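Written out below as structure tokens is the structure these notes cover.
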Amino acid sequence: MPHITVDAEICKGCGLCVRACPKKILRLSPTVLNQKGYNPAECVDQPQCTACRSCALTCPDVAITVYKD
Ligand code: SF4
Ligand code: SF4
């Protein structure tokens, strides 16, 4: 099943991936803070992911990995 992972320690909480996702299933975590003090991105509905890669291509820090299977 398509899904993504976010490396929460690399993420700087810029929100670009949140805006890029056509399925609107990404958000900045309201509860998690990484070591740098940023709220990292997270996926709230993995089954809706189409593995389109828009989020990964948009991320300036290459924090997102997309899995097609
Ligand atoms: S791969 Fe596409 S659908 Fe899946 S989270 Fe990223 S932008 Fe959204
Ligand atoms: S685009 Fe990358 S750095 Fe920015 S919030 Fe998304 S995962 Fe984090």
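Within region 11-29, identify whether any single residue is touching a Pro at 6+ places or on another chain (Cβ under 7 Å) and more than 9 Å from ligand 2 (Cβ to nearest atom), and answer yes or no. Yes - at least one qualifying residue is present in region 11-29. Report yes if residue 27 is assigned to a helix (DSSP H, G or I), of a type in the set (D, E, K, R) and out of contact with any His (no Cβ under 6 Å at 6 or more places or on another chain), otherwise no. So residue 27 fails the test.
Of the residues making up region 1-29, those that are touching a residue at least 24 places away in the same chain (Cβ under 8 Å), more than 13 Å from ligand 1 (Cβ to nearest atom) and over 12 Å from residue 59 (Cα atoms) number 2. How many residues are among the small types (Gly, Ala, Ser) and assigned to a strand (DSSP E or B) when one looks only at region 31-67? Adding up the residues that qualify gives 1. The single residue among 51, 8, 56 that is of a type in the set (Gly, Ala, Ser) and away from ligand 2 (no atom under 13 Å from the Cβ) turns out to be 51. Restricting region 40-56 to residues that are closer than 18 Å to residue 13 by Cβ and aliphatic (A, V, I, L, M) leaves a set whose member that is surrounded by the fewest Cβ atoms within 10 Å (Cβ to Cβ) is 44. So, residue 32, is that one touching a residue at least 24 places away in the same chain (Cβ under 8 Å), at positive phi, more than 9 Å from ligand 1 (Cβ to nearest atom) and not small (Gly, Ala, Ser) or not? For residue 32, the condition - touching a residue at least 24 places away in the same chain (Cβ under 8 Å), at positive phi, more than 9 Å from ligand 1 (Cβ to nearest atom) and not small (Gly, Ala, Ser) - is not met. In this structure, does residue 22 turn out to be assigned to a loop (DSSP other than H, G, I, E, B), modelled with pLDDT of 95 or more, of a type outside the set (Lys, Arg) and touching a Ser or Thr at 6+ places or on another chain (Cβ under 8 Å)? Here the answer is yes, as residue 22 does meet what is asked.
Among residues of region 57-69 that are of a type in the set (Val, Ile, Thr), those with a Cβ under 7 angstrom from a residue that is more than 8 Å from ligand 2 (Cβ to nearest atom) and assigned to a loop (DSSP other than H, G, I, E, B), sequence gap 6+ or separate chain, pair up as 66/51; 66/53.
The values are calculated or read from the model by the stated rules, or taken from the named source; none is laboratory data. Everything quoted here is computed from the prediction, not taken from an experiment. Counting neighbours? That spans all protein chains shown, and the Cβs are built from the backbone with ideal geometry, glycine included.
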